[in-house]
1. Just need a number here: residues in the stretch 63-90 that are touching a helix residue (DSSP H, G or I) at 6+ places or on another chain (Cβ under 7 Å) and surrounded by fewer than 16 Cβ atoms within 10 Å (Cβ to Cβ).
2. Got at least one residue in the stretch 22-31 being touching a His at 6+ places or on another chain (Cβ under 7 Å), over 21 Å from Met109 (Cα atoms) and not charged (D, E, K, R)?
3. Give me the pairs: first residue in the stretch 85-96 and within 9 Å of Ala73 (Cβ to Cβ), second residue assigned to a helix (DSSP H, G or I) and aromatic (Phe, Trp, Tyr), beta-carbon distance under 8 Å, and six or more apart or on different chains, which are they?
4. Within the stretch 34-62, how many residues are buried (at least 20 other Cβ atoms within 10 Å of the Cβ) and within 28 Å of Thr103 (Cα to Cα)?
5. Of all residues in the stretch 13-33, count the ones that are under 17 Å from Val90 (Cα atoms) and surrounded by fewer than 18 Cβ atoms within 10 Å (Cβ to Cβ).
6. Taking the stated definitions as given, is Glu13 more than 15 Å from the chain's Cα centre (by Cα) and either over 21 Å from Lys107 (Cα atoms) or not hydrophobic (A, V, I, L, M, F, W, C) (or both)?
Amino acid sequence: MIDWSRVRELCDEIGADDFGEVVELFLAEVEETLDSLPTRMSDANALENALHFLKGSALNLGFSALAQHCQAAERAAAGGDVVGIDPGHVLSIYNMSRKLFLTELPKHMAA
């Protein structure tokens, strides 16, 4: 669900002092985009763009399960198929990932 090697790599790239700020920004931007998903369901292009953003953000911070799901949904939206895309499921994956990330982060960063 979380790619901890990516998390450590990002922390090393930007430094431990700035890492917390990046995490806060990631969570805020992702949550804002997730909140907007239901309103984008009638516009495949807008939905595709939102899912693309979510995928990229998730990959950057190691939220691998979220990134994989967003990639599949992004492909569907690119093909105009929004019927099978469930914003609630995307939110559920994010919430599970977020909880695991915040709970386990201190342990993985200490390693």
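Taken together, the values in this text are just the output of simple stated rules run on the coordinates, not laboratory data. If you're wondering where the values come from, they're calculated on a predicted model, not measured in any experiment. Cβ: placed from backbone, ideal geometry, glycine included. Neighbour counts: every protein chain shown.
1. Keep residues of the stretch 63-90 that are touching a helix residue (DSSP H, G or I) at 6+ places or on another chain (Cβ under 7 Å), which gives 63, 65-67, 69-71, 73-74, 77-78, 80, 82, 84-85, 87, 90.
Filter once more, keeping what is surrounded by fewer than 16 Cβ atoms within 10 Å (Cβ to Cβ): 78, 80, 84.
Qualifying residue count for the region: 3.
2. So in the stretch 22-31, the residues touching a His at 6+ places or on another chain (Cβ under 7 Å) come out as none.
Within the stretch 22-31 (the criterion being touching a His at 6+ places or on another chain (Cβ under 7 Å), over 21 Å from Met109 (Cα atoms) and not charged (D, E, K, R)), the answer is no, since none of the residues qualifies.
3. none
4. If we filter the stretch 34-62 for residues that are buried (at least 20 other Cβ atoms within 10 Å of the Cβ), which is where we start, we get 37, 40, 47-48, 50-51, 54-55, 58, 61-62.
Next cut, within 28 Å of Thr103 (Cα to Cα) only: 37, 50-51, 54-55, 58, 61-62.
Number of matching residues: 8.
5. Residues of the stretch 13-33 under 17 Å from Val90 (Cα atoms): 26-33.
Add one more test, that the residue is surrounded by fewer than 18 Cβ atoms within 10 Å (Cβ to Cβ), and what stays is 27-29, 31-32.
Counting residues in the stretch 13-33 that are under 17 Å from Val90 (Cα atoms) and surrounded by fewer than 18 Cβ atoms within 10 Å (Cβ to Cβ) gives 5.
6. Details: more than 15 Å from the chain's Cα centre (by Cα): yes; either over 21 Å from Lys107 (Cα atoms) or not hydrophobic (A, V, I, L, M, F, W, C) (or both): yes.
When the stated conditions are applied, Glu13 passes them.
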